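The values are calculated or read from the model by the stated rules, or taken from the named source; none is laboratory data. Being a predicted model, the structure only gives us computed values, none of them experimental. Cβ placement follows ideal geometry from the backbone for every residue including glycine, while neighbour counts extend to all protein chains displayed.
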Amino acid sequence: MNAGAAHIRAENHAAAARRGWRAAAGREWRAASLTVKLSAVMLLAFYIFAAASPMIAPYDPARQWRTMPDCPPMRLHLAPPSDWSRGFLYAFPMRLDNPMARHYVEDRSRRTFVHLFYRGRLFTTAPGAPPFFLMGSENLGRDLFSRIVYGARVSMCIGLVGVAISFSLGIMVGAFSGMMGGYTDSAIMRMCEIEMSLPSFYFLLALAAVIPSGLSTTATFFLIVAIMAFISWAGFARVIRGMAASVRAAPYVEAARALGGSRRRLLFRHIIPAVIGFAAVNASLSIPGYILGESALSLLGLGIQEPAASWGNLLSQAMDPQTIAYFPWILMPGLFISAAVMAFNFLGDHLRDRFDPSNAA
Amino acid sequence: MADTDSGSRGRRLAFVAIAAAVATAICGCRVSRPRNDHAATQTLYDSMVSDPGTFNPVLVTDSASAVATGDMFESLTRVNPRTTLFEPGLAQSWKFSDGDKTLTFHLRHDVKWSDGAPFTARDVLFTMRVIYDPKIPNSMVSAMMIDGKPIAVSAPDDYTVVARLPRPFAPILSSMQFAILPAHALAGAYEAGRFNRIWGIDTPPDRLIGLGAFLMTRYVPAQLIAYRRNPDYWMRDEHGAPLPRLKGEVHLIVPDQNAQYLQFQSGMTDVYHPRPEEVWPLEQAAKRLDITVRKVGIDTGSLFFAFNRNPRHYVRGGVVDPRLKWFTDVNFMRALAHAVDKQGMIDLCYRGLAVPAVSDVSPENKIYHNPNLKDYDYDLEEAAQILDRAGYRMIRPGVRGDPEGHPLVFRLTTNTGVPVRDQMCAIFKQDLQQLGITVNYRPLDFITLVKALDSSFDWDCVLIGFTGTIEPNDASDFLRSSGNLHIWDPAQPKPATPWEAQIDHLMDEGTMVVDPYKRAPYYWQIQQILHDQLPIIETVRAVTYIAYRNTLENYYPTVWGFYHPEWIEFRAQ
């Protein structure tokens, strides 16, 4: 009986919490501007790209159609009702008309049907049929859209992983240093300053160059993130240290100390919770830096290696002005990079407006 | 290690700088026909990628220095690029005697240095003394050693040079193609031990004493090198008029190829070597720009996948790495040769402007190229069958193993910054993936790559290019088992395999016969051996093009250099 009541109470609590969470989410959603809503939706879409790449990409991102390099994006046509037994959507296959110019013509005599929810993919063509390039193909005849979808895995995750590393490091070091004060504080902060004075991009280039060959793409990827995080934690630690130092003097921390609270308790119960809101806001604002950093490295050939795709290394083909002039669609990954970076910035700004205590004051 | 298109990091970084110019070009601002005063002043403008390292022709190691000094100095013999046979240069004739063991050069009497001193046999002897001097590092000396010994030369009179050889040595005419130095101007500095420091790039151009068709007038680092015609040049045209016909030459120094391309389009330069993707746009614009785009020929070099067969890398503590067994197994290598999609590489990487390479010697080397080799066709099924028969079977889906069950995985590298090579590696990797062979591809910067190849030996497979020359013995360091560029297993104390021993033997034999046509069979056989044993797998050779202003006349570029460059001139307007 007693246990049953407790059970019901617990369920009520859970439901209330759910309702509360939902209500809060609803409040936040209504409070957000259209830009912020769009940003959130876009980021969600990109993360779905990353999580479900094999289902969303129409083709294997490494598959090369060697007779179709630099093929322009194809137009999708709605099939007449009489053909609906074969498919609703079709495109005219492209034929390489002049290999030297990479000039294509639509082959109007044939159609390639684009099937939705087919063979475990969102959309694709039948195995033997000519391919459908939604965003064109790149210089090895690989489907650009599929590569962008797979590239989201690297480009969208690099920010999260990097931020996780640099912020846990920054918060720990900063809060500890601020709490300790005195010589320890000085020593740690001088170290941070030395770290900050390294010219970061060159440092990154040098570190990326010593990554041993023969590592798998995933390993290379995590090494690069680690390098980038290692470069950026120091500046953040300094800000946190300042906040921690001011919190340390606050009456409630004084009180906790007077009551005999251990250092660890002070750090985890009082100081870190006081700075975490600021940290979260800053985290979302520093993700774009990682996305751009990865593109810069990959652009220079030091990041993610072929045939794995990232938005940065997809864009490296666009280094050549000739290529941009003739095959403008290879700039498409750049569009995705700017969209993601802008979305993170809008969202981060919004979060700061809502949650940063220093802002609320 | 001569490499045709290494390193272009600089090019990439310069990208931003030219972005504005590029934007103009893309927006299609259709400028009218470019104008310049090059024809009026009879001055030919072209561009080079980097600054020269030295103006001292003996110390030249880089191509920029070779270009910078090329027109100022001359050698005893020169090659006719159309026939690939030797022609008189500063020596008006030569004769083999004493069973091909004595070579006598008769020098021209009418050649003067730019300071007025006559050119004599003393200059030839001095230059050879400098080249053989162990204190003077230079790239000529290795070609001038016969069985490790220098060539003994003497000068019975001022206009005769006699070379005595320990045995008949066919490459001697090619070896004697070094630029002759002025003894009267440099002997003093040489005796004083200052040779390595004279004629550096800080030397005022009027202090450089040459006898070539052009003399340097101005060098502005990172900008240009200018030349004026040598009024006392010895060569005359068919009417007895002095040559060269051009009044001057300017090499602009432009590290970025995109910028070179724009400069040519805007009329700042008169000549441009287009990349494959630029050939078609230039052909389209030929009329508007008043230019000719002409096919020059097939690349003289060789671009190939090499596989490491070096036990110093693969045998550690008596344990042999399985990769060494694969790469020395001719069946494995034959399967890989069938997996190189040369046509795909030609279409994807060269826009169709390339030909499959079968032999390590370019077909442009008309005498020494073996035309009878049969290429390994691109056929993944055939490759899979060869692997199956040789015991390399699928051990799980998508993974093939060797007869002992090790999965087939190896590393592939090349130098960074060359998109064509990245693409070729991506194609090779993709095809091997289909066969169940995993390739980990990672390009290395050029310095790191060279270190891996010649000292640490820590590599599995590399896509690398060598430049080609007409004289087949120039590849001695690559072909001989003792050579430092014998890339798959360099500097062997004694040949590791019977076929490497046979190549060494053929290299010796090939230098004994002086007549090029009688020599050729030895080198054809070497190409056959490499083709059968496959320490390297050839890929493709680019077809090179050149674009130049229509106002240029007598302009006959070939892959081996210009035919009669002294006749080039701008049409009178």
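Restricting to the range A:320-329, give me the number of residues that are modelled with pLDDT under 90 and buried (at least 16 other Cβ atoms within 10 Å of the Cβ).
First pass over the range A:320-329, keeping only residues modelled with pLDDT under 90: A:320-326.
Right, trim to buried (at least 16 other Cβ atoms within 10 Å of the Cβ) and you get A:320-324, A:326.
Counting residues in the range A:320-329 that are modelled with pLDDT under 90 and buried (at least 16 other Cβ atoms within 10 Å of the Cβ) gives 6.
Filter the range A:78-135 for residues that are free of Cβ contacts under 8 Å to residues at least 40 places away in the same chain and touching an Asp or Glu at 6+ places or on another chain (Cβ under 7 Å); which is surrounded by the fewest Cβ atoms within 10 Å (Cβ to Cβ)?
Among those that are free of Cβ contacts under 8 Å to residues at least 40 places away in the same chain and touching an Asp or Glu at 6+ places or on another chain (Cβ under 7 Å), it is A:Val105.
Step by step: first the residues of the range B:396-418, then only those that are at the interface with chain A (Cβ under 8 Å from one of its Cβ atoms) and within 25 Å of the chain's Cα centre (by Cα), then the one that is farthest from B:Pro255 (Cα to Cα). Which residue is that?
In this case the residue turns out to be B:Thr413.
Taking A:Gly303 as meeting all but one of (1) closer than 25 Å to B:Thr416 by Cβ; (2) touching a Gly at 6+ places or on another chain (Cβ under 7 Å); (3) more than 14 Å from chain B (Cβ to nearest Cβ), write down the number of the exception.
With respect to (1) closer than 25 Å to B:Thr416 by Cβ; (2) touching a Gly at 6+ places or on another chain (Cβ under 7 Å); (3) more than 14 Å from chain B (Cβ to nearest Cβ), A:Gly303 is out only on (3).
Looking at the range B:80-91, is at least one residue surrounded by 15 or more Cβ atoms within 10 Å (Cβ to Cβ) and small (Gly, Ala, Ser)?
yes
Of all residues in the range B:121-135, count the ones that are touching an Asp or Glu at 6+ places or on another chain (Cβ under 8 Å) and either buried (at least 23 other Cβ atoms within 10 Å of the Cβ) or of a type in the set (Gly, Ala, Ser) (or both).
Total meeting the criteria: 1.
Which of (1) modelled with pLDDT under 85; (2) more than 14 Å from chain B (Cβ to nearest Cβ); (3) farther than 20 Å from A:Ala50 by Cα does A:Leu292 not meet, given it meets every other one?
Status for A:Leu292: all satisfied but (3).
Are any residues in the range B:478-503 under 22 Å from B:Pro521 (Cβ atoms) and among the acidic types (Asp, Glu), and if so, which ones?
Residue satisfying the conditions is B:Glu500 alone.
Which members of the range A:97-118 meet the condition of being assigned to a loop (DSSP other than H, G, I, E, B) and either in contact with a helix residue (DSSP H, G or I) (Cβ under 8 Å, 6 or more places away or on another chain) or within 14 Å of chain B (Cβ to nearest Cβ) (or both)?
Of everything in the range A:97-118, those that are assigned to a loop (DSSP other than H, G, I, E, B) and either in contact with a helix residue (DSSP H, G or I) (Cβ under 8 Å, 6 or more places away or on another chain) or within 14 Å of chain B (Cβ to nearest Cβ) (or both) turn out to be A:Pro99, A:Met100, A:Ala101, A:Arg102.
Go through B:Gln343, B:Gln423 for me and flag whichever is closer than 29 Å to B:Glu278 by Cα, touching a residue at least 60 places away in the same chain (Cβ under 8 Å) and within 9 Å of chain A (Cβ to nearest Cβ). First the steps, then the outcome.
Values: B:Gln343 fails: touching a residue at least 60 places away in the same chain (Cβ under 8 Å).
Exactly one of B:Gln343, B:Gln423 is closer than 29 Å to B:Glu278 by Cα, touching a residue at least 60 places away in the same chain (Cβ under 8 Å) and within 9 Å of chain A (Cβ to nearest Cβ), namely B:Gln423.
Among the candidates B:His505, B:His486, single out the residue that is without any contact (Cβ under 8 Å) to a residue 60 or more places away in the chain and not in a helix (DSSP H, G or I).
Just one listed residue meets the conditions, B:His486.
Each row is one residue, and each column tells you yes or no for (1) touching a Pro at 6+ places or on another chain (Cβ under 6 Å); (2) modelled with pLDDT of 95 or more; (3) assigned to a loop (DSSP other than H, G, I, E, B).
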| residue | (1), (2), (3) |
| --- | --- |
| B:Arg78 | no, no, no |
| B:Thr83 | no, no, yes |
| B:Gln92 | no, no, no |
| B:Phe96 | no, no, no |
| B:Asp100 | yes, no, yes |
| B:Phe105 | no, yes, no |
| B:Asp110 | no, no, yes |
| B:Phe126 | no, yes, no |
| B:Lys135 | no, no, yes |
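Within the range B:356-377, is there a residue that is more than 14 Å from every other protein chain (Cβ to nearest Cβ), closer than 20 Å to A:Thr67 by Cβ and in contact with a helix residue (DSSP H, G or I) (Cβ under 8 Å, 6 or more places away or on another chain)? Talk me through it step by step, then tell me what you get.
Keep residues of the range B:356-377 that are more than 14 Å from every other protein chain (Cβ to nearest Cβ), which gives B:356-377.
Remaining after also requiring closer than 20 Å to A:Thr67 by Cβ: B:356, B:377.
Narrowing further to those that are in contact with a helix residue (DSSP H, G or I) (Cβ under 8 Å, 6 or more places away or on another chain): B:356.
Among the residues of the range B:356-377, at least one is more than 14 Å from every other protein chain (Cβ to nearest Cβ), closer than 20 Å to A:Thr67 by Cβ and in contact with a helix residue (DSSP H, G or I) (Cβ under 8 Å, 6 or more places away or on another chain), which makes the answer yes.
When B:Gly510 is evaluated against the numbered criteria (1) surrounded by 19 or more Cβ atoms within 10 Å (Cβ to Cβ); (2) farther than 18 Å from B:Phe327 by Cα; (3) without any contact (Cβ under 8 Å) to a residue 60 or more places away in the chain, which criterion, by number, is the only one it fails?
Every condition holds for B:Gly510 apart from (3).
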